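Below is one structure, written out as structure tokens; comments come after it.
Read-outs: derived from the displayed coordinates by stated rules, not from any lab. None of these values were measured; they are calculated from a predicted model. Note that each Cβ is placed from the backbone with ideal geometry, even for glycine, and that neighbours are counted across all protein chains shown.
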């Protein structure tokens, strides 16, 4: 994995909420048989574990190949079925533990407030975050969004970036520190995520769907596991990303009933799946 992909992985797992820690896995009770919880441990950490020490080891970024021999007799949690399949191919049993989204109180009121702050009242707001987009895609993506916004003025883009960009009537560039501090994501109607198949987007996508934000993502790894194409969001082919954005974004903006349906389907999927999972765990 390149440094840029690692950076995308690191931030894609962050909760949308302003709290610094994210709900990547269900929180463990204080007493769970005295077991500790390791998230994405390094090979050195695995190698140093005593045999009698039985922690729960969780991964939402795939480990390096030399980690697998140390995992075959361990309890492993993963956030998606795609990740579980990856571990099973390497003779490692892994349990799927769905990410738990944080509650978002007063979201309707906050959405209106954030849209007003961004000058997007009456428009559909697309949230783009530099930390969720591979570096190689950014220039072409920005050009595509400028074109789409010109043809579909009902679309407003909030682009979270540290880079200095030329101002655009329908694209608002916001520093990450400001976006995170004010939780500007709460004004979003849509978001776009892309990244390495080695990085799970499950936690991020579950939080988005729970908050009623429609996700457009790529078809890598587990990125399409919660995003069912044209049902809870859109799964795009990264080879034709800009072409597909030019096709779908105007349709979403100009067809609010479709956008609303995707939003409701996503919220329903999260609710039903987590409720079923909770019932199963309690049996």
Solution diffusion estimate, µm²/s, Stokes-Einstein, region 27-96, Kirkwood Rh from C-alpha pairs, 25 °C, viscosity 0.890 mPa s:
198 µm²/s
Indicate, rounded to the nearest 5 percent, the antiparallel portion of the DSSP beta bridges found entirely in the chain.
5 percent
Normalised per residue, the volume of the convex hull around the Cα set of the chain (Å³)
138 Å³
Under 16 Å from a point placed 7 Å out from the Cα of residue 154 along the Cα-to-Cβ direction: which residues of region 96-118 have their backbone N that close?
none
Potential lengthening between residue 268 and residue 230 on full extension [0.36 nm per residue; Cα-Cα distance subtracted]:
12.2 nm
Antiparallel content of DSSP bridges confined to region 151-239, in %, to 5:
5 percent
Compute the long axis of helix 3-12 from its Cα atoms, compare it with the longest principal axis of the Cα atoms of the chain, and write down the angle in degrees, 0 to 90, nearest 10.
90 degrees
If you average the C-alpha positions of region 174-244 and of region 68-98 separately, how far apart do those two centres end up, in angstrom?
24 Å
On Cα atoms only, tilt of 256-281 relative to the major axis of the chain in degrees:
10 degrees
Compute the helix-to-body angle for 241-254: its Cα long axis versus the longest principal axis of the chain, expressed 0 to 90° and rounded to tens.
60 degrees
Projected convex hull area of region 107-274, Cα atoms, direction-averaged, in nm², equals 9.1 nm²
